[in-house]
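Let me begin by presenting the structure, written as structure tokens, before commenting on it.
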Amino acid sequence: MATRIDGKVISQQVIDDVAAGVDQFMTQHGFAPALAVVLVGDDPASHVYVRNKVKRAGEVGIHSIERRLPADTTQAELDAVIDELNSDDSVHGILVQLPLPPQLDESSVIARIRADKDVDGFHPLNVGALASGQPQLVPCTPLGCMIMLRQTLGDLSGKRAVVIGRSNIVGKPMAALLLQANCTVTIVHSKTVDAPALCAEADIVVAAIGVPEFVNRSWIKPGATVIDVGINAIELGGQRKLVGDVHYADVEAKAGAITPVPGGVGPMTIACLMQNTLTAAIAQTAQRS
Ligand code: GUN
């Protein structure tokens, strides 16, 4: 039976470290690190995510600023909000919750955020820094997955890792981080021929495809470590239930270690957002003094 990798416990360790770092920052500077969260429109899931981020920020002593904009916000209006936050020295981190309503261009919004305030790690400069092996601000979900992998396996050098999914938010930065940690990395995606066979050679599997319970035990090498990034709401017997991209009950019997959903990667993502905000605040204040 696989060991369950407890995201609640590991994220609490990250949160405790960040809270201590925030305390030290406050003592040194007399003000708190600040995170601005921009939410456009009425997507219910986005509202829940933003509420959780703001709540966590409060718990670690990070000051949060919420900017809620209507669903019909124009590009010029959103650009003006970002410009204002970019030039406000009291704001250290800026996060624009995705997805955005269709009239808004996500790429140009991401590129408009000052790279040193881009706590999501999505700005082209941060993407390039990670790809060239000199990471600055790193996307929160892959960062959280790496912390869990290091706690479970220690040194990752030489391990075979398969990332399922090639999104900009998870798959691509995850592969870059695993490569940086000296893994041999394969990305499989919807056009891959025989993804299960490639996956079955992996010591580490990171599933980030957004399809409920897609990965079953036939994909998994005995003893492999499985990180499930998926958060999918399904109806089961008339009840709403959250499941991952991995069929937990099926894979649990074969894997060496596995993250549950919920309570796995989810809490790590928010903890790493807090860590990135503190990192950004330290870098910006060091530059000014
Ligand atoms: N929407 C889903 N995940 C994310 C994330 O990590 N950052 C932002 N900004 N939006 C998201």
Worksheet item: Per residue, what volume in Å³ does the convex hull of the Cα atoms of the chain enclose?
Response: 135
Worksheet item: Helix 140-153 versus the longest principal axis of the chain: what angle, 0 to 90°, nearest 10, using Cα atoms?
Response: 50
Worksheet item: If Lys and Arg each add +1 and Asp and Glu each add -1, what is the summed charge of the other residues whose beta carbon sits under 14 Å from the beta carbon of residue 131?
Response: +2
Fill in: Positive dipole terminus of the chain, leading residue within 231, 31, 247 (C-beta point charges)
247
Fill in: Accessible area, probe 1.4 Å, largest first, for residues 229, 185, 18, 9
9, 185, 229, 18
Worksheet, complete the sentence: For the chain, averaging the sequence separation of alpha carbon pairs under 8 Å that lie six or more residues apart and dividing by its residue count, the contact order in percent is 22
Response to the item:
For the chain, longest principal axis from Cα atoms; helix 265-288 axis from its Cα atoms; angle between them, nearest 10 degrees, is 40
Worksheet entry | Where the stretch 62-177 is the region considered: accessible area per residue in Å², 1.4 Å probe | 43
Fill in: Whole-percent carbon and sulfur share, accessible surface of the stretch 75-227, 1.4 Å
54
Worksheet item: Calculated from DSSP H runs of 4 or more alone, at -39500 (n - 2.57) each and per residue, what is the 222 nm mean residue ellipticity of the chain, nearest 500?
Response: -13500 deg cm²/dmol
Worksheet item: Cα centroids of the stretch 127-202 and the stretch 213-258: how far apart, whole angstrom?
Response: 18
Fill in: Scattering profile of the stretch 193-289 at q = 0.13, 0.18 Å⁻¹ [log10 I(q)/I(0), Debye over alpha-carbon scatterers]
-0.54, -0.81
Worksheet, complete the sentence: Rounded to whole Å, √(5λ) for the Cα gyration tensor eigenvalues of the stretch 98-142, largest first, gives 20, 10, 9
Worksheet entry | Within the stretch 102-141, trypsin sites (Lys or Arg not before Pro) in DSSP loop having at most 14 other beta-carbon neighbours inside 10 Å | none
Worksheet item: In the chain, how many lysine pairs have Cα atoms under 30 Å apart, counting only pairs 8 or more places apart or on different chains?
Response: 29
Fill in: Taking the stretch 207-289 and dividing mean pair separation by its residue count, relative contact order in percent (alpha carbons under 8 Å, at least six apart)
30
Discussion item. Output the 0 to 90 degree angle, nearest 10, between the alpha-carbon long axis of helix 44-60 and the longest principal axis computed from the alpha carbons of the chain.
Written reply: 70
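The values are calculated or read from the model by the stated rules, or taken from the named source; none is laboratory data. Here the structure is a predicted model, which means the values were calculated and not measured. So basically every Cβ, Gly included, is an ideal-geometry build from the backbone, and we count neighbours across all protein chains shown. Remember, those area values only see protein heavy atoms, side chains included, never the ligands or the DNA or RNA. Shrake-Rupley method; radii C 1.70, N 1.55, O 1.52, S 1.80 Å.
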